[in-house]
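Here the structure is laid out as structure tokens; the discussion comes afterwards.
What follows is calculated from the coordinates using simple rules that are stated; it is not laboratory data. Because the structure is a prediction, the values reported are computed rather than measured. Here the Cβ positions follow ideal geometry from the backbone for every residue, glycine too, while neighbour counts run over all protein chains shown.
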Amino acid sequence: MATWPATLPQCGLHSGWASEDQSIVLSSSMDAGPPKRRQRFTANYPIYNMSMVLTLTQWQALRTFYDANAAITFTWTDPLDLSSSDVVFASRPQCTGRAGDKYMVSFQIEVQP
């Protein structure tokens, strides 16, 4: 299993990450009466929206890591409790701005149950 590169920040910006749980309830409309509701899956797993400020070298390292590990699980530090977690990329990293030699990068990761 791959591990998040030590050359990259080990956590996102404190003001630049958000946790979002998947909806575990599926609701279906009925012809008559209230909607039918059931549990979609047994394990709930969060998705983290991450933002980081990276140098050009770090941005290139992140792109290389993503290209090699986009579809596989890797080990990363959970930003909420700082535990080691198995995660996958839920979105491709995007560079959304530049200030001098720093780049604002955002991506999503999904914690695996």
So the angle from the long Cα axis of helix 56-69 to the longest Cα principal axis of the chain, reported in degrees to the nearest 10, equals 40 degrees
Expected sort for I72, I47 with the fewest Cβ neighbours (10 Å cutoff) up front is I72, I47
Ranked from fewest to most other Cβ atoms within 10 Å of their own Cβ, K102, K36 fall in the order K36, K102
To the nearest 20 debye, the chain has a Cα-centred charge dipole, built from +1 on Lys and Arg Cβ and -1 on Asp and Glu Cβ, of 260 debye
With x for Gly and Pro, the residue-by-residue ³J(HN,Hα) of region 70-86, computed from phi through the Karplus equation 6.51 cos²θ - 1.76 cosθ + 1.60 at θ = phi - 60° and given in whole Hz, is 4, 10, 10, 6, 9, 8, 8, 7, 5, x, 7, 10, 6, 7, 7, 10, 8
